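Okay, structure first, notes after.
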Amino acid sequence: MKTEDLIAQLAQNAKPVRRALPPGALTARWLLVTLPVLAVMVLVMGPRPHLLALLMQPRFATAEILAAATTVISAYAAFCAGRPDEPGWKLLMPVAAFLLWLAELGRQCFVLAVQTNGAALELHADWICVPAIAITALMPAVAMVWLLRRSAKFRTTHACLCGAMAAAAAAELALPLFHAADTMMMVLVWQMGSVALFTMLGALAARLGLTALHA
């Protein structure tokens, strides 16, 4: 068979290929699922008293803005990781966002520790934040895996890490709206520690899930 005939035959029998959605569109779809889930979780758990006044406080608002930024940036990076035409530096954006968020919380902890003569450094068990973050992050994580399945398959490990970070950061974004930590040290250790823990566990689960689905 001539090469031209082979090419014509392959082209004739080839199925149409659906164009992969860009990372921005996939991020928007993920947010359409995630934001209502966060709102429902806050309503079910019960918003904190005087929440609107709390959101007007610079310290609280800054932490929430950085949490939201980490959520969106991590989701965008997860979908960028799946595309070979996206530069590798975009995969570092969630790390920068998380470190900036962590640094701001550390700064707040230091300032409050000075103002309260060390009271802000008190640390005790706060077990409610661990399951609260896990439950809140579950649906965003499922939505992330589902969308990653429908995107290009490239740099899967990075995609899973960034996607898990997005889900965990989204849960931490909602947590302060219905649960108050006693001290800033508890926020740093329990809440941010839970974000880091669920990022690693979520990335592993997502990687196993994607592997099983494509087996």
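One table, with the values for the structure above:
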quantity	calculated
Of all residues in segment 96-118 being loosely packed, with under 13 Cβ neighbours inside 10 Å and outside any helix (DSSP H, G or I), the one that is modelled with the lowest pLDDT	Gly118
Among residues of segment 44-65, those that are free of Cβ contacts under 8 Å to residues at least 12 places away in the same chain and part of a helix (DSSP H, G or I), counted	8
Single match in Met93, Met41 (criterion: buried (at least 19 other Cβ atoms within 10 Å of the Cβ) and part of a helix (DSSP H, G or I))	Met41
Answer residue from segment 66-90, given it is assigned to a helix (DSSP H, G or I) and more than 13 Å from the chain's Cα centre (by Cα) and is surrounded by the most Cβ atoms within 10 Å (Cβ to Cβ) among those	Cys80
Qualifying residue in segment 3-23 (condition: of a type in the set (S, T, N, Q), at pLDDT 95 or above and either in a helix (DSSP H, G or I) or surrounded by 14 or more Cβ atoms within 10 Å (Cβ to Cβ) (or both))	no
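The values are calculated or read from the model by the stated rules, or taken from the named source; none is laboratory data. Since the model is a prediction, treat every value here as computed from it, not as a measurement. Note that we place each Cβ from the backbone using ideal geometry, even for glycine, and neighbour counts take in every protein chain shown.
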